[in-house]
Amino acid sequence: MTSLQDVRQQLDRFGEQLQGTNPELYRDLALYLQVLRDGLLNSVQQACFHLATRFYPDRYCGLEAEQRQSLHAELQELVRRASSLLTVEQVAQLAGQGARERQLRRRQRQQEWLAQLRKVSEEEDGSPPSEPDGSIHLQGGLPISLPHWPVMPSLHLESAGEGHADGEPGPIRESPFSGDAPIGADPAETPQADSLLDENGDSLLDAFFEEAPGSTLPPPWNAAGLPRDPVGLLVWLDGFEQALARRLRNLSHATNVELLRAGLCPSLLPLSLLQAALEGQLEPLPAPANLLRLQVPLAPEAGGQLESVAVLLRLADLELEQPRLRTCRSRWQRHRQEVRRMAEQHRRLQRRLQMLEAERLWHQDIPSLPLSDTPP
């Protein structure tokens, strides 16, 4: 059987391996951002060129020469400021900020859910209406009985850094309380659901949102440098790419604002629509690279539909236009594949370590039990 020491040594070897490969990964990421900065202005200008000549040529021709020069100068300044933020450290800092924002939103959803539980409990407080004998009562609540739920004061609310809305519970329409008392129990001694929520609501909510083992580790962006454990490094890389896409999305929005101010674009797509397009939640119309073309629905009296075109810088489009950028991407993606493989092995070993540690503690505790408590 594998010993605790063997598993710990295998886990330590992951850290030693990453300590040797992280500098190369950092250089590949820095090179990718350098190539991105070098070609960013040309990509923005190309996108604006297609927008001005293919979709709004009349508007661009209607601008004065001074207006056109001012627009190009503003676009150059926007790209310059955005490029100054395209460093490994700045993107990693933005990734940490995004993780904290998602954590805050998840905590707010949890509190809203708890408030809904309290509201349902208050609305249904009182004796239920009498029902005819033999009637069947169906409940649409949760398959638990909160009055009989053991109090768990030791649990603490921990919000995940990388949550998704798909995994969050929706609004509760029915009471989650069964209201049944144990057979033979004194009703006066049975805790009510609403009082249990008031006193220990947070603890109960913690149980519903209990995190998987290891999910409460410190975020990988809190420490300087790249993480030295594969699971943390994989989370770091995922957040890095999300933050990079967010930085380009913000530049796209700022560019669209300048195009609107100059009178080149008739409308402005909100930031939420740009994000929805990046996440694949919209079906855009065919358009040149780094442009987003949508049919925006309007009221019938306003014409029914409006076609809107906006700048939206995408990593896939930028890499398609710049072969060197695509080559840099393939280099650090190879690191990512290796880190993913190591992370899977790391999780299995961590689970094995927990099992062995539990076995050790079990055998350590058995001799300390009183003779009368020792199982036969």
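Just so you know, all these numbers are worked out from the coordinates, no wet-lab data involved. Computed from a predicted structure; not experimentally measured. Positions of Cβ are generated from backbone atoms using ideal geometry, with glycine treated the same way; all protein chains shown enter the neighbour counts.
Here each label is just a point 7 Å from Cα along the line to Cβ, and for residue 45 and residue 61 those points are 2.4 nm apart.
Each peptide among 45-53, 279-287 gets the average number of other Cβ atoms lying within 10 Å of its residues, and from highest to lowest they stand as 45-53, 279-287.
Between residue 34 and residue 316, the contour length at 0.36 nm per residue exceeds the alpha carbon distance by 99.9 nm. Extension gain, residue 122-residue 268: 0.36 nm per intervening residue step, less the Cα-Cα distance, totals 48.0 nm.
Distances between placed amide hydrogens fall under 5 Å for residue 292 paired with 310, 311, 312, all partners being 5 or more residues away or on another chain. With R₀ set to 22 Å, the beta-carbon distance separating residue 13 from residue 359 gives a calculated FRET efficiency near 0.45.
Taking a point 7 angstrom from the Cα of residue 366 along the C-beta vector, which residues in segment 1-34 have backbone N less than 16 Å away? Output list for this probe position: empty.
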